[in-house]
Amino acid sequence: MKRESAEVVIVGGGALGTSVAHHLAELGVADVVLLERDQLGSGSTSKSAGGFRLQFADELNVRIALRSLAGLERLDDVDLRQVGYLFLIDSDGDLAAFREALALQQSLGVPSGELSVEEALALVPQLDPDGLVGATFCPLDGYATPEGVVQAYARSAAKRGIRIRQGEPVTEIRVTGGRIEAVETPSRRIATGTVVCAAGAWSGELAALAGIELPVSGQARWLHYSPASGGLADDTPMTIDFATGFYFHREGPGLVFGGREATLEELAVPASRRLPLLAELPIQASWWGYYEQSPDHNAIVGEVSEPSRFLYGTGFSGHGFQQTPAVGEHLAQLVAGLEPALDLSPFSVDRFGRGELREERFVV
Ligand SMILES: Cc1cc2nc3c(=O)[nH]c(=O)nc-3n(C[C@H](O)[C@H](O)[C@H](O)COP(=O)(O)OP(=O)(O)OC[C@H]3O[C@@H](n4cnc5c(N)ncnc54)[C@H](O)[C@@H]3O)c2cc1C
């Protein structure tokens, strides 16, 4: 067994783990090993639709989104496409909730706004507006390439001396007297006092190795790719049929779309109702990945009290790719003992023990 030591071990090489590595490197903390059991980005990150939005209902998520967008804008080669998110709304109850959220977003400087159904159709003329009562749009929202983000962060971290090890599954976390002593893979033992859990949907299993309970579970979600665009303009927004969860955006020469359904046949019902041309398009590829679901659809971020120096970020519930710039920065600041730029303590895992769920309503 190989032996080494590190001030910090990050477990997981997705958008979050690499973001933590990048931000630690930026803070001058370079005695760090990142362990990824497979390849960088091979978990949920590479399966993601890559969407980012400022349109959330929870104030903390809007603040995370603003900070994350600023982070994404600083990265090279991530194909940032700010074409906006268009939410389509089909009930007065949802419209009222979106209006309330728009007021919150605007109070924080977000240029989101309500659109009439006609204005939504002007953006995406191919939609069937049947049953819609309104829409919202924010021009700063959009999508990027998740693998590009992982590579940009990993490059930045590796350049400054952070050791990135792929093909290394963490199988043990050694704890003595309430302190972490080492992390082990089948071929390596790394003496360390600090672990950052960035293991995505598998964070519950990883935390359990240190006797910690993180309430996160994997929920399989599918995406489909058509090489044909059906005439949708290049700058078509990421469009979301809020009630059904069906969404689509342009991808290369074609488009990508997904929803809550497990099969293409089931998804075809809400999808072709809202975007009828989809029924005519060829499907070239379908794939799935896990949403890391938390009990209240909000992230689980923080540091446990025991054992000492175990930090975690998971439970993103479908909006993890876009939150990882700010959450990675936050975890790096906690590791380094700095005052965090954002107070994310309301997202601590302790909230579940206290029975204080913090629901994010705008989940896709
Ligand atoms: C179909 C789909 C569409 C999505 N669309 C969006 C979207 O539009 N916008 C958005 O913001 N989010 C979206 N998401 C969610 C997003 O993909 C995730 O929230 C995000 O990628 C989580 O990143 P992560 O780094 O925390 O986890 P992951 O990318 O899953 O990384 C965790 C890594 O940990 C590794 N690992 C696990 N256990 C161990 C271990 N014991 N030892 C070593 N390594 C380990 C895994 O191999 C994995 O690579 C989508 C997800 C899916 C499935």
Could you check, for the range 106-123, whether at least one of its residues is away from the ligand (no atom under 16 Å from the Cβ), crowded, with 18+ Cβ neighbours inside 10 Å and under 23 Å from Ala15 (Cβ atoms)?
-> yes
Filtered residues of the range 141-181 (kept if farther than 30 Å from Ser305 by Cβ, within 14 Å of the ligand (Cβ to nearest atom) and charged (D, E, K, R)) | Asp141, Glu147
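Out of Leu24, Leu121, I need the residue that is touching a residue at least 24 places away in the same chain (Cβ under 8 Å) and more than 16 Å from Ala144 (Cβ to Cβ). Which one?
Working: Leu121 fails: touching a residue at least 24 places away in the same chain (Cβ under 8 Å).
Going through Leu24, Leu121 in turn, just one is touching a residue at least 24 places away in the same chain (Cβ under 8 Å) and more than 16 Å from Ala144 (Cβ to Cβ): Leu24.
I'm trying to understand the selection: among the residues of the range 22-74, which are in a helix (DSSP H, G or I) and of a type in the set (Val, Ile, Thr)?
Here is the first cut: in the range 22-74, the ones in a helix (DSSP H, G or I) are 22-26, 44-47, 59-73.
Within the range 22-74, Thr45, Val62, Ile64 qualify.
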Could you list all residues from the range 91-105 that are surrounded by 15 or more Cβ atoms within 10 Å (Cβ to Cβ), under 19 Å from Leu66 (Cα atoms) and not polar (S, T, N, Q)?
-> Phe98, Ala101, Leu102, Leu104
Here the residues within the range 181-200 that are hydrophobic (A, V, I, L, M, F, W, C) and in contact (Cβ under 8 Å) with a residue 12 or more places away in the chain are Val183, Ile190, Ala191, Val195, Val196, Cys197, Ala198, Ala199
For the range 339-355, how many residues meet the condition of being touching a His at 6+ places or on another chain (Cβ under 7 Å), open to solvent by less than 20 Å² (accessible area, probe 1.4 Å) and not hydrophobic (A, V, I, L, M, F, W, C)?
-> 0
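Residue-wise test of (1) open to solvent by less than 10 Å² (accessible area, probe 1.4 Å); (2) touching a His at 6+ places or on another chain (Cβ under 9 Å); (3) within 12 Å of the ligand (Cβ to nearest atom).
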position	(1), (2), (3)
Gln293	no, no, yes
Ala299	yes, yes, yes
Arg309	no, no, no
Pro325	yes, yes, yes
Gly337	no, no, no
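The values are calculated or read from the model by the stated rules, or taken from the named source; none is laboratory data. All of these numbers come straight from a predicted model, not from anything done at the bench. Every residue, glycine among them, receives a Cβ derived from its backbone with ideal geometry; neighbour counts consider all protein chains shown. These area figures cover heavy atoms from the full protein model, side chains too; ligands, DNA and RNA do not enter into them. Shrake-Rupley method; radii C 1.70, N 1.55, O 1.52, S 1.80 Å.
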